[in-house]
1. Within 10 Å, at most 16 other Cβ atoms, and a DSSP state outside H, G, I, E, B define an exposed site. Report the longest part of the chain free of exposed GluC sites (Glu not before Pro).
2. How far, in nm, would the chain grow between Glu72 and Asn368 when pulled straight, counting 0.36 nm per residue and subtracting the alpha carbon separation?
3. Using only alpha carbon pairs under 8 Å that are at least six residues apart, calculate the relative contact order of region 115-184 and give it in whole percent.
4. Using the Kyte-Doolittle scale, find the helices of the chain whose mean hydropathy is at least -0.5 and whose Cα atoms extend 20 Å or more along the helix's long axis, counting only whole DSSP H runs.
5. Test of understanding: given the chain, find the longest segment containing no trypsin sites (Lys or Arg not before Pro) that are in a DSSP loop and have at most 11 other Cβ atoms within 10 Å.
6. Per the 1.4 Å probe, what fraction of the accessible area of the chain, in percent, lies on carbon and sulfur atoms?
7. In nm, to one decimal, how far is the Leu239 label point from the Ile412 one, both placed 7 Å along Cα→Cβ?
8. What relative contact order, as a whole-number percentage, does the chain give when Cα pairs under 8 Å and 6 or more residues apart are counted?
Amino acid sequence: MANLLTSVASLAQQCLGLLRLKEFDTTTPEGRSRERYRRVALTGISAVVAKLVTVVTILISVPLTLTYLGPERYGLWMTITSVIMMMRVADSGLGLGLMNAVSEAYGHQDRQAAVRYVASGFFLLAAVALLILVAFALAYPLVPWPRLFNVKTPQAIREAGPAMAVFLACFAVGLPLGVVQRVQLGYQEGFYNNLWESAGRLLGLAGLLVVIYLQAGLAWLVLAVAGSPVLAWLFNSCLLFGRQRPWLRPKLRNYHRDHARQVLHTGLFFFVLQVGVTLMNSSDNLIIAQFLGLEAVTQFAIPYQMFSMGIVMFNVFFSPLWPAYSEAIARHDFPWVKDTLNRSLKLILISTGLLSLFLIIFGNRLLNFWVGPAISPSLPLILGLGVWMIVLSVGTAMSQLLNATNIFRFQILYVYLTLVFSLLFKCVLVSLYKLPGIVWGSILAYVIFFILPYSLYIKKYFLRENMV
C-alpha cells in the first residue's frame, strides 16, 4: 500500500510539473512522453473546469427558465431537448472514428492522411446534416406539432413547431462543425475545445438573460441556448483551420473514398459499442419500476446521481488518455502505453476509493442537505454504489486503451455479454434484496464479464508486443 501511495504521489507531482504552456521537445522519446502527459493534464483539468461551468450555468438557468416559460412551455422545451439528444447518435460513431484516425495519422507524422481524414469526416457529417434538414423540411408541414407534444395553451401551440425547427437547425449545423472537437482531441489539444465549450455555455446563459429581458418567445430562447455552443464551435473552427492548422481546412478535393470508408467502418463499431454501454447503464430505473414501483425509482435514482457525479468527473479527467494511447501506439511506443495504463489504474483506484469511502460515510447526510430527509438509502445500497463507482472507473480506463487500438469485436462481445447477464442478475437480485440487488447485480456482471476478460486481454496484448 505504501508503494502504491508513493507511486500515485510521484505521478501527481509530475502532472503538476507538466502544467505549462510551452511544449516539450518531441524529437526524443522522453520529450514525447512528457509532452503527452502535459497535454493529458491540460485537457483533463480544462475538461473538469468545463463541466463545472456547465453545472453552474444549469443551476442558474433552470429556475430562471422555469419561471419565465411556466410549466407547460418549459416541459415543451425539455421534450424537444430529449428528442434532439436521441438524434446525437448521428455524430457519435463518426466523430469517434475520425478522432482515432487523426490520432493515428498524428502518430505516423502523416499530414496527407490527416488532411484526407478531416475532409472526409467533415463532408460525411455535412451530408448527414443536409439529409436531416431536407427530411425535416418535407415533414414539417405534415406533422401536427401541438398534438405530438400534447400542448394545450394557445401560446405553446403557436410555439411548438417553430421551437422544434430552431432546435433541429442548430443541431444539424453543429454536426459538421463538431469536427473541430474531434480533430483537437486527436491531436491531444482538447483543452482548446474545453475552453470554447465553456465560452459557449456562458454565451448561452447571457443569451437566455437577454431573451428574458426582451420577453421574446420560446423559439428565440431555443436559438440563444442551443445556438451558442454551435457559435463557439464556429469560432473554434476559424481559429483551428485559419491560424493553428490551416493545412487541415476541409476541402472537397481532399475527400477520399477509402479514408471516408475507414471513418465509417470504425464509427459503426463505436456506435454498436455505445448502444450496448448505454443500454447496460440505463436499464436500472426501468427494472426497478417494474419490480418495486415508481417511488422506489426515486429512492434509487437520487443516490445514484450523487455517485455518478464522481464517475463523470473521473472519466472526463482521464478521457484524454485515449488519443494519447492511439498516437503512442502508432509510434510503437508500447513502454509508454503500458506505464501510463498502470499509473492511471493506480491513480483511479486511490482517487475513486477515497471518494467512495467519503460518500459511503457521509452520503446520507449529504442527501439530507441536498434533497431533504425523504431520500435515505440503506447501507447495502450506498456501499454497493461506492463499489460500483470504483469498478466502472477501472473498466472505463481499460476500455480507453482498447478503443485506441481499434480492438472492437472483442469489446462488442463482452459488452453485450455484460449487458445480458447484468439484466439477468439485476432481475433476480432485485426480487430477493430490493434496491441493493440492482447495483450488486451490476457489479457482479461487470466484474465477471468485463473487468476480468479485459484484464486478461490487455495482458495478452502487451505480451504480444513483447512488453511483459
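1. Value returned for the longest uninterrupted segment is 24-464.
2. Value of the extension gain: 103.6 nm.
3. Details: 33 pairs, mean separation 34.3, N = 70.
Reported relative contact order: 49 percent.
4. 2-17, 29-87, 89-107, 111-139, 154-177, 190-214, 218-239, 257-282, 294-318, 334-371, 379-404, 409-433
5. 153-468
6. 69 percent
7. The modelled label-to-label distance comes out at 3.8 nm.
8. 19 percent
The values are calculated or read from the model by the stated rules, or taken from the named source; none is laboratory data. As the structure is a computational prediction, the values presented were derived from the model and not from experiment. Cβ: placed from backbone, ideal geometry, glycine included. Neighbour counts: every protein chain shown. Only protein heavy atoms, including side chains, enter the accessible area calculation; ligands, DNA and RNA are left aside. Shrake-Rupley method; radii C 1.70, N 1.55, O 1.52, S 1.80 Å.
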